[in-house]
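A.B. asks: Please see the structure below; I have some questions.
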Amino acid sequence: MRLKFPGGWARLAGTLLFFIGSCTTASVTLSAPSSQNPDSMLPEQNVAKARQLLGQLVDALGGPAYLEVRERECDGRRAQFGHNGELTGFIDFKDYWRYPDKHRIDYSKKRNIIDMFNGNEGWTMDRSGVSEEPAGAVSDFQALIKYGVDSLLRTRLKDPSLNINYAGVGIVDMRQIDWVEVTEPERTLRLAIDRSSHLLLRSVVITINEEMRERTEETTIYTNYQRKGGVMVALQISRERDGKRFYQAFYDNCTFDAHLPEDMFTKAALEKRYAEVGSKKDKDRYKNAKD
């Protein structure tokens, strides 16, 4: 039976990747001196301040070492949540990226459940064989590639027309932070950047559906940063949607640019893996269905 994770974003490693969170989500706005008050800044000063903070974040993550990463491989444990948000257990996983748009997650010690995305395509492998990912999961992955934090810091900061603003100071996890906002059609990304370490503590995606008059707020929480091969990596991540936790992962290790196999992110690679780990009964049923 195929393992299910609630919410399309919970299926993606990481993905987004790269940062990992704590459990406290409350933030409190502080009274800021006029020099740090976005309401008293000229528009060009505001944008310059926001871009300066994002540049400091890139430097804190490793600067060129972070920007030049092409592949990532991590392993750890993911929490499993029931329909009511209760913790039901943990499962081992291995998480692979080839940037910018290839991502694979192998679940369990046997690696017999896999979700994989390659650009605008996606496949999944379970006991019944290899099949297409649901359209919703693929669209969620494409949104992650387009709007995620890694995409913003690695490529989109070069776009001078990007709507970036400084949004003031606050407190997250008892640490003073600066808020930076990136406004897109139908969504806003808010980043809480530690004023001391310049690392990311929160990312908040606010999506508004005007037709349905719905507002969704999804928060990713990052903590336990450690340096791995010149790159700062957060080894714990949590995600909440409208205040309800639906995802939590604990990373044991991450390596970069280890030269993953060229066919790692292809449907053929999943079919090869199924031939190795599927039971004879399951493989026969899968073969008959294909025929």
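A.B. asks: Select from region 163-190 the residues that are touching a Ser or Thr at 6+ places or on another chain (Cβ under 9 Å) and within 13 Å of Arg51 (Cβ to Cβ) and list them in ascending order.
C.D. replies: Residues satisfying the conditions are Asn163, Ile164, Asn165, Glu181, Val182.
A.B. asks: Moving on to the next point. Using the structure shown, decide if Lys94 is open to solvent by 50 Å² or more (accessible area, probe 1.4 Å), among the basic types (Lys, Arg), touching an Asp or Glu at 6+ places or on another chain (Cβ under 6 Å) and part of a strand (DSSP E or B).
C.D. replies: yes
A.B. asks: Take the residues in region 61-78 that are under 13 Å from Lys228 (Cα atoms) and part of a helix (DSSP H, G or I); name whichever of them is farthest from the chain's Cα centre (by Cα).
C.D. replies: Filtering region 61-78 for residues that are under 13 Å from Lys228 (Cα atoms) and part of a helix (DSSP H, G or I), the one farthest from the chain's Cα centre (by Cα) comes out as Ala65.
A.B. asks: Kindly provide the set of residues from region 155-176 that are at pLDDT 95 or above and either in contact with a His (Cβ under 6 Å, 6 or more places away or on another chain) or under 24 Å from Val69 (Cβ atoms) (or both), ordered by number.
C.D. replies: Selection gives Ile164 alone.
A.B. asks: So Trp179 passes all but one of these: (1) at pLDDT 95 or above; (2) in a helix (DSSP H, G or I); (3) farther than 30 Å from Glu276 by Cβ; (4) not polar (S, T, N, Q). Which condition number does it fail?
C.D. replies: (2)
A.B. asks: Here's something else I'd like to know. Quick check: is even one residue across region 270-278 open to solvent by 60 Å² or more (accessible area, probe 1.4 Å) and either part of a strand (DSSP E or B) or at positive phi (or both)?
C.D. replies: So far as region 270-278 goes, no, none of its residues is open to solvent by 60 Å² or more (accessible area, probe 1.4 Å) and either part of a strand (DSSP E or B) or at positive phi (or both).
A.B. asks: One residue is enough: does region 109-119 have a residue meeting the conditions under 17 Å from the mean Cα position of the chain (by Cα), surrounded by fewer than 18 Cβ atoms within 10 Å (Cβ to Cβ) and not in a strand (DSSP E or B)?
C.D. replies: Yes, region 109-119 contains a residue that is under 17 Å from the mean Cα position of the chain (by Cα), surrounded by fewer than 18 Cβ atoms within 10 Å (Cβ to Cβ) and not in a strand (DSSP E or B).
A.B. asks: Additional query: Sort out which residues of region 191-216 are open to solvent by 50 Å² or more (accessible area, probe 1.4 Å), within 22 Å of Gly55 (Cβ to Cβ) and touching a strand residue (DSSP E or B) at 6+ places or on another chain (Cβ under 8 Å), and write them in order of number.
C.D. replies: Arg195, Ser196
A.B. asks: Given Asp173, Asp178, which one is more than 18 Å from the chain's Cα centre (by Cα), at positive phi and surrounded by 15 or more Cβ atoms within 10 Å (Cβ to Cβ)?
C.D. replies: Result of the check over Asp173, Asp178: Asp173.
A.B. asks: Can you pull out every residue in region 217-249 that is of a type outside the set (D, E, K, R) and open to solvent by 50 Å² or more (accessible area, probe 1.4 Å)?
C.D. replies: Asn224, Gln226, Gly229, Gly243
The values are calculated or read from the model by the stated rules, or taken from the named source; none is laboratory data. Computed from a predicted structure; not experimentally measured. Don't worry about glycine lacking a Cβ; one is built from the backbone with ideal geometry, like all the others, and counts go over all protein chains shown. What goes into the accessible areas is simple: the full protein's heavy atoms, side chains included, and nothing from ligands, DNA or RNA. Shrake-Rupley method; radii C 1.70, N 1.55, O 1.52, S 1.80 Å.
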